[in-house]
Amino acid sequence: MKRVLGSWGEQVELNEAIIERMKELASEQNMTIHQVIQKGGLNQATISELMSGRTKHPKVSTIQKFCNGLNISLNDFFNNSRFL
């Protein structure tokens, strides 16, 4: 699994960085994860699997729907120092 930088500069698994980024972006827009997934049309079970760590390889379509809920692009999602 690819390692990327966490919010404190430590190396973390890609799925952990994705979770951190989802939380960060939701917070920036004063939304909860639940509000974002409802707006983006994501299934609660899908996001629960990801957030709990049971899903280690989230699908691009899952991240895209999350982005749709925030009205941002995939590029906006990954344009962060965690993913460089």
Practice item. Can you tell me which residue within segment 68-84, out of those that are in contact (Cβ under 8 Å) with a residue 60 or more places away in the chain and not in a loop (DSSP other than H, G, I, E, B), is surrounded by the fewest Cβ atoms within 10 Å (Cβ to Cβ)? Key: SER81
**Study point:** Single unsatisfied condition, ALA17 versus (1) hydrophobic (A, V, I, L, M, F, W, C); (2) in contact (Cβ under 8 Å) with a residue 60 or more places away in the chain; (3) open to solvent by 70 Å² or more (accessible area, probe 1.4 Å)
**Key:** (3)
Point to revise | Residues (surrounded by 11 or more Cβ atoms within 10 Å (Cβ to Cβ) and part of a helix (DSSP H, G or I)) located in segment 39-54 | key: LYS39, GLY40, GLN44, THR46, ILE47, SER48, GLU49, LEU50, MET51
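The values are calculated or read from the model by the stated rules, or taken from the named source; none is laboratory data. Just so it is clear, the model here is predicted, and its values are computed rather than measured. Quick reminder, even Gly has a Cβ in these numbers, built from the backbone with ideal geometry, and neighbours come from all protein chains shown. Accessible surface is based on the protein model in full, side chains and every heavy atom, while ligands, DNA and RNA are left aside. Shrake-Rupley method; radii C 1.70, N 1.55, O 1.52, S 1.80 Å.
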